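Presented below is the structure to which this report refers.
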């Protein structure tokens, strides 16, 4: 039994009809929803399917706007620099540095990241050895942590209170560490609705005060949330974790990653018998006194950074790239200057920007607005760019990797479609590219807001729509769309 690809009823209401054996998305799930779709031929730009273009909350598909611009503006080989230096002189006989040790943060989002463990392994030890090689046995001055490369607010406006204390809502920093989150280790009793115990945090955070209101539950997943202002060492943890666990880990945003970097490095210095007697000073203005470079660590190149960014949807990485766009184009990493640079770059490239209201680089803010046409045109721009391979290789592959690992299984789009997805409460989006049955490259973007169905059911409707379009040419698609 054959069914039409897409029926659009009323204002932006659509329902994908499935085979009787498949899942069904009922019409009332989208009754009060807003939805918009745009599908084009990648080579010609010819529109294959278009509903009225509506500016909607994109969630994480916003990351393609940021990563594409970063590749084009900063370059695929762009790297971040974290530098260690000294001021003053070293006594060749005693090994005493009569000056300060300076650690200058370079806004590297991946510094000691769990996504690049081998790249940063042993960095602190290598720095300690570099100090020893310079003849330093003790540091007479202070340990200055220079955070001047990012002295703007670290959290974009529009991020929710319920997000910013959790690992996915951590703020950016001139000196990040381990993805800017820490682990809270809980143990829970065998019964439900009982208070759980905080065993430890990893890494240990000095002066951290956790207000624990988490209880055990029959539900076998993490439903604990952390609430705390950026920089605050007092955090509230509430919600539930599964009962009967001896070591259940919940990830929370680090209140002060730069301080953890400093403390961890001092531990390594002590291990290497390099004495420190001064204070740890965190400064937000560039150090006036010039320092002698002792060692530096470069990040992985941008084309490698965007792979976990897009496949695993890392907000921290995206926000860092947005600020570097602002630094490169407007001379400032402030949020306003960065968003202005992002907007003007795509205007220069002739991209459709009606209804484009960016408020961050990752899509975590519900204040973002974008039309699917904008997403599709950026995809086509990148399809024609010299950075095409780096961009598309960073995207999840249907049925294979990232946020699409379980999607499109057994269909013609498995291992064919590459796309960025987005989801948050009552928001579902997807934008990407695939090769149709006719051998044509097809670019698509679809966003739905304020639906009443589950995330899974809306995701299945996207799959059904794209699987149907795979088999059809442009004439058939347009014939089967009812306005």
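Surrounded by 24 or more Cβ atoms within 10 Å (Cβ to Cβ), outside any loop (DSSP other than H, G, I, E, B) and touching a residue at least 40 places away in the same chain (Cβ under 8 Å): is that true of residue 464 in this structure? The answer is no for residue 464. Taking the listed residues 407, 419, 376, the one that is at pLDDT below 95 and surrounded by 23 or more Cβ atoms within 10 Å (Cβ to Cβ) is 407, with no other qualifying. Do we have any residue at all in the stretch 75-94 that's surrounded by 18 or more Cβ atoms within 10 Å (Cβ to Cβ), under 21 Å from residue 360 (Cβ atoms) and modelled with pLDDT of 95 or more? Taking every residue of the stretch 75-94 in turn, at least one turns out to be surrounded by 18 or more Cβ atoms within 10 Å (Cβ to Cβ), under 21 Å from residue 360 (Cβ atoms) and modelled with pLDDT of 95 or more. Return the residues of the stretch 204-263 that are under 28 Å from residue 124 (Cα atoms), within 21 Å of the chain's Cα centre (by Cα) and part of a loop (DSSP other than H, G, I, E, B); say none if nothing qualifies. Correct list: 230, 231, 254, 255, 256.
One line per residue, one yes/no per condition, for (1) surrounded by 15 or more Cβ atoms within 10 Å (Cβ to Cβ); (2) free of Cβ contacts under 8 Å to residues at least 12 places away in the same chain; (3) in the same structural domain as residue 63 (by TED's automatic domain parsing); (4) in contact with a helix residue (DSSP H, G or I) (Cβ under 8 Å, 6 or more places away or on another chain):
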| position | (1), (2), (3), (4) |
| --- | --- |
| 237 | yes, no, no, no |
| 240 | yes, no, no, no |
| 245 | yes, no, no, no |
| 248 | yes, no, no, no |
| 258 | yes, no, no, no |
| 265 | yes, no, no, yes |
| 277 | no, no, no, no |
| 282 | yes, no, no, yes |
| 292 | no, no, no, no |
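Looking only at the stretch 109-119, decide whether some residue is assigned to a strand (DSSP E or B) and in contact with a helix residue (DSSP H, G or I) (Cβ under 9 Å, 6 or more places away or on another chain). Taking every residue of the stretch 109-119 in turn, none turns out to be assigned to a strand (DSSP E or B) and in contact with a helix residue (DSSP H, G or I) (Cβ under 9 Å, 6 or more places away or on another chain). Does residue 201 meet the test of being within 28 Å of the chain's Cα centre (by Cα), more than 23 Å from residue 264 (Cβ to Cβ) and part of a strand (DSSP E or B)? No; evaluated as a whole, the condition is false for this residue. Looking for something touching a strand residue (DSSP E or B) at 6+ places or on another chain (Cβ under 8 Å), outside the structural domain of residue 233 (by TED's automatic domain parsing) and not in a loop (DSSP other than H, G, I, E, B) - is there at least one such residue anywhere in the stretch 172-182? No, the stretch 172-182 has no match at all. If you check 184, 136 for being closer than 30 Å to residue 250 by Cβ, out of contact with any helix residue (DSSP H, G or I) (no Cβ under 8 Å at 6 or more places or on another chain) and buried (at least 21 other Cβ atoms within 10 Å of the Cβ), only one passes: 184. Cβ-Cβ distances below 8 Å connect no pair with a first residue in the stretch 118-146 that is not assigned by TED's automatic domain parsing to the domain that holds residue 106, a second residue that is modelled with pLDDT of 95 or more and not in a loop (DSSP other than H, G, I, E, B), and a separation of six or more residues or different chains. Would you check if residue 300 is at pLDDT 95 or above, part of a loop (DSSP other than H, G, I, E, B) and touching a helix residue (DSSP H, G or I) at 6+ places or on another chain (Cβ under 7 Å)? Yes, satisfied.
The values are calculated or read from the model by the stated rules, or taken from the named source; none is laboratory data. Predicted model, so just to flag it, every value in this text is computed and none were measured. Because the Cβ atoms are built from the backbone with ideal geometry, glycine has one as well, and the counts that use them run over all protein chains shown.
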